Amino acid sequence: MVKGDRATWKAKYFVKIGKLLEEYPRIFIVGADNVRSKQMQEIRVSLRGMAEVLMGKNTMMCKAIRAHIPNNPSLEKLLPHIKGNVGLVFSKEDPVAVRDKLLENKVAAPARAGAIAPVDVMVEAQNTGMGPEKTSFFQALNIPTKIAKGSIEIVSNVHLIHVDTKVGASEATLLQMLGVKPFHYGLVVENIYDNGSVFAPEILDITDEQLIGKFKSAVANVAAVSLEIGYCTQASVPHSLINGFKKVLAVAVETDITFPLAEGIKAYIADPSAFAAAAGPVAAAVEETAAPAKKEESEEEESDDDMGFSLFD
């Protein structure tokens with residue numbers, strides 16, 4: 001590419017990113033490690049109509065964002081997060097839907113020597129189908145084996161590779177021999193910009209139930225503190241009213257002072273037997289309704305017994 005063509009390409013790139021920054025309120029900063037060009041093309045196709053993917057050099061993306069900061073100062077919050085092998089995904093849709101769509105577009109990949117493992121890798125107990133001459137290879141990796149029907153069998157599950165550690169040449173070779181592709185690569189959401197705020201993708205996993213639970217817990221704490229220090233707040237008003245009513249009711253019970261809500265309590269204290277007599281007919285009615293049901297059940301059992309036949313009849 002000649003210098004003139006490159007300058008034209010850069011100018012078009014800056015114009016494109018400027019339009020995207022103006023049009024879309026949400027920007028996903030995504031990591032693109034180990035994502036090949038064919039997979040990237042498939043991701044672009046799957047996001048069509050939902051989001052647009054923009055890749056490029058970090059310096060060019062930062063320069064374009066800085067040029068747009070006078071129009072939208074909050075875009076400056078993006079700059080500290082543009083580092084490493086990252087790209088930008090622009091969207092107007094629900095961030096949860098876009099995040100889930102990005103997670104769907106992952107492909108299995110073999111473990112390559114020198115790569116950093118994104119997940120733990122376990123080798124399950126199995127018959128490898130390999131001949132006994134490979135036994136020393138498994139011994140070098142401290143994998144317990146035995147010979148079964150002329151082939152090597154792994155006796156127990158083995159934690160071969162730990163997350164965030166470098167894959168060794170022996171581990172990579174073993175997984176290749178077993179035909180295992182333990183890793184899945186795709187665009188990884190690192191941060192999300194949404195109308196001036198930047199947050200981690202874990203925020204999207206917070207549910208309404210969790211928010212309501214946190215809010216209820218906070219209101220209970222405010223009410224407890226308010227009641228303890230005697231400072232009235234909206235959270236403590238219901239509790240203060242109930243506590244005040246209890247105190248007034250206690251005074252009414254101990255004195256001749258009365259009011260409509262206290263008359264029932266005072267009447268019960270004066271003559272508990274009257275309330276017991278009133279509750280008696282209700283209990284009797286419940287027993288009467290239960291008795292016919294039991295009688296019907298016993299009659300059904302007797303009728304069932306009459307229908308039976310003995311082998312000696």
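So which GluC sites (Glu not before Pro) in the stretch 117-193 are both in a DSSP loop and have at most 14 other Cβ atoms within 10 Å of their Cβ?
Of the GluC sites (Glu not before Pro), the ones in loops of the stretch 117-193 whose Cβ has at most 14 other Cβ atoms within 10 Å are Glu124.
What do you get for the angle between helix 58-68 and the principal long axis of the chain? Use alpha-carbon atoms, 0 to 90 degrees, nearest ten.
The angle comes out near 60 degrees.
For the chain, set up a GNM with springs between Cα atoms under 10 Å and report which of Leu204, Leu160, Leu227 has the largest fluctuation.
Of the options given, Leu227 has the highest mean-square fluctuation.
Which far-off residues, 5 or more places away or on another chain, put their amide H under 5 Å from the one on Arg112, with H placed in the peptide plane?
Sorted by chain and number, the residues that satisfy this come to none at all.
Please express the Cα-Cα pair-distance distribution P(r) of the stretch 14-56 as a list of whole percents, one per 5 Å bin, running from 0 to the bin with the greatest distance.
5, 18, 29, 26, 17, 6, 0
Residues of the stretch 52-93: accessible area per residue at 1.4 Å, in Å²?
That works out to 50 Å² for each residue.
Return the long-range amide H neighbours of Ile161 (sequence gap of 5 or more, or a different chain), with a cut-off of under 5 Å between placed amide H atoms.
Those lying under 5 Å, H to H, from Ile161 are Val121.
With no solvent and one equal point scatterer per Cα, compute the Debye intensity ratio I(q)/I(0) for the chain at 0.07, 0.13 Å⁻¹ and report its log10, rounded to two decimals.
-0.69, -1.08
Set the Förster distance to 22 Å, then compute FRET efficiency between Leu103 and Ser170 from the Cβ-Cβ distance, nearest 0.05.
0.10
With N residues in the stretch 36-152, what two-decimal value do you get for its Cα radius of gyration over 2.2 N^0.38 Å?
After normalising by residue count via 2.2 N^0.38 Å, the value is 1.72.
Counting each DSSP H run of 4 or more residues in the chain as -39500 (n - 2.57), what helix-only mean residue ellipticity at 222 nm follows after dividing by all residues, to the nearest 500 deg cm²/dmol?
Theoretical 222 nm ellipticity from helices: -16000 deg cm²/dmol.
If you average 1/r across every pair of different Cα atoms in the stretch 96-233 and take the reciprocal, what Kirkwood value do you get, in Å?
19.7 Å
Taking the alpha-carbon distance from Lys216 and a cut-off under 28 Å, which lysines remain once sequence neighbours fewer than 8 residues away in the same chain are dropped?
Lys246, Lys247
Taking springs between alpha-carbon atoms closer than 10 angstrom, which of Pro25, Pro272, Pro144 fluctuates most in the Gaussian network model of the chain?
Comparing Pro25, Pro272, Pro144 in the GNM, the peak value goes to Pro272.
Short version: ³J(HN,Hα) in whole Hz for each residue of the stretch 175-187, in order, from phi by Karplus 6.51 cos²θ - 1.76 cosθ + 1.60 (θ = phi - 60°), x for Gly and Pro, what are they?
Each residue's phi maps through the Karplus curve to give 5, 5, 5, 7, x, 9, 10, x, 9, 10, 10, x, 6 Hz.
Using only Cα atoms, find the angle between the long axis of helix 3-23 and the longest principal axis of the chain, and express it within 0 to 90 degrees, rounded to the nearest 10.
The helix 3-23 is inclined about 10 degrees to the chain.
With all distinct Cα pairs included, what does the Kirkwood hydrodynamic radius of the stretch 67-130 come out to in Å, to one decimal, could you say?
After inverting the mean inverse Cα-Cα distance, the result is 16.8 Å.
Okay, which of the stretch 170-185 sit inside 12 Å, backbone N to the point 7 Å along the Cα-Cβ direction of Glu124?
Backbone N within reach: none found.
How far apart, in nanometres, would the label points at Ala270 and Ala224 be if each is projected 7 angstrom from Cα along the Cα-to-Cβ direction?
Distance between the two pseudo-spin positions: 4.2 nm.
What residue among Leu249, Leu20, Leu187 shows peak mean-square fluctuation when the chain is described by a Gaussian network model with Cα springs under 10 Å?
Leu249
From the backbone phi of the stretch 188-201, what are the Karplus-calculated ³J(HN,Hα) couplings (6.51 cos²θ - 1.76 cosθ + 1.60, θ = phi - 60°) in whole Hz, Gly and Pro given as x?
Once θ is set to phi - 60°, the couplings for the stretch 188-201 become 10, 6, 9, 8, 10, 9, 9, 6, x, 10, 10, 9, 6, x Hz.
Give the relative contact order (percent, whole number) for the chain; include only Cα pairs under 8 Å separated by 6+ residues.
18 percent
For the stretch 99-177, what log10 I(q)/I(0) values come out of the Debye formula at q = 0.11, 0.21 1/Å, with one point per alpha carbon and no solvent?
Taking Cα atoms of the stretch 99-177 as identical point scatterers yields -0.35, -0.97.
Setting aside same-chain residues fewer than 8 positions from Lys146, which lysines have a Cα under 18 Å from its Cα?
Candidates past the 8-residue exclusion: Lys134.
Determine the alpha carbon to alpha carbon distance for each of Lys63/Lys101; Lys101/Lys181; Lys19/Lys77; Lys16/Lys83; Lys16/Lys57 and list only those over 25 Å.
Over 25 Å Cα-Cα: Lys63/Lys101.
Taking θ as phi - 60°, what are the ³J(HN,Hα) couplings along the stretch 105-117 by the Karplus curve (6.51, -1.76, 1.60), each to the nearest whole Hz, with x for Gly and Pro?
After applying 6.51 cos²θ - 1.76 cosθ + 1.60, I find 8, 10, 10, 6, 9, x, 7, 9, 4, x, 6, 8, 6 Hz.
The values are calculated or read from the model by the stated rules, or taken from the named source; none is laboratory data. On a predicted model such as this, the values are computed, not experimentally measured, just so you know. Here the Cβ is made from the backbone with ideal geometry for all residues, glycine too, and neighbour counts use every protein chain on show. Please note that ligands, DNA and RNA were not included when accessible areas were found on the heavy atoms of the full protein model with its side chains. Shrake-Rupley method; radii C 1.70, N 1.55, O 1.52, S 1.80 Å.
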